[in-house]
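Peer 1: The structure follows.
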């Protein structure tokens, strides 16, 4: 059980201590709750903090069905599904979702300086994983950014989701793997929503913390 997301981040950082002080590590937080957890991890590891925005590419006529996913500068497609979809639709959907992702990233970053991902150990952090679908999309999109490896790090997730994530990530680090998992929030005493304003402040504070770390 975690007191709040900051407590979860401190405990998760302890489990990631092997990455502390390494110059090729970047911590990526998934908004909004994951940013709070990632901030504590980044501080502990003396690593730069970045935000990762992923938008689902919707299937024609069924936008809830994931044709793939996009970030501001990258995307991936479920090739089995994409083979039956017109290229013109895919091109427009990718453009649209990348534009949405860029707008969201610009708003959240504020004065935060973008962090290079290529060639780095990318540690993706969220406040927990339920089905793992969103994290799976994040991993696949980040692969196209050419990190040296991808580490999924979360405070809590059910064992079956962790097993699925291990098939696509290079490493999965989790503090709690409860079999009685119903929802992420059940493992937090305080699981209040994180605002965009708090997210922006954390990212800007992260730049200052990185400059002051050895």
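The values are calculated or read from the model by the stated rules, or taken from the named source; none is laboratory data. Values in this document were obtained by computation on a predicted structure and should not be read as measured data. Cβ: placed from backbone, ideal geometry, glycine included. Neighbour counts: every protein chain shown.
Peer 1: Can you tell me how many residues within the stretch 105-133 are free of Cβ contacts under 8 Å to residues at least 60 places away in the same chain, surrounded by 12 or more Cβ atoms within 10 Å (Cβ to Cβ) and within 12 Å of residue 72 (Cβ to Cβ)?
Peer 2: Qualifying residue count for the region: 1.
Peer 1: Given (1) at pLDDT below 95; (2) over 21 Å from residue 192 (Cα atoms); (3) touching a strand residue (DSSP E or B) at 6+ places or on another chain (Cβ under 9 Å), identify the lone condition not met by residue 31.
Peer 2: (2)
Peer 1: Something else now. Within the bounds of the stretch 86-103, is there any residue that is under 30 Å from residue 18 (Cα atoms) and in contact with a strand residue (DSSP E or B) (Cβ under 7 Å, 6 or more places away or on another chain)?
Peer 2: No, the conditions are met nowhere in the stretch 86-103.
Peer 1: Another question, if that's okay. Every residue in the stretch 35-93 that is surrounded by fewer than 17 Cβ atoms within 10 Å (Cβ to Cβ) and under 17 Å from the mean Cα position of the chain (by Cα), please.
Peer 2: Result: 73, single match.
Peer 1: Identify the residue in the stretch 34-62 that is touching a strand residue (DSSP E or B) at 6+ places or on another chain (Cβ under 8 Å) and part of a strand (DSSP E or B) and, among all such residues, is nearest to residue 133 (Cα to Cα).
Peer 2: 56
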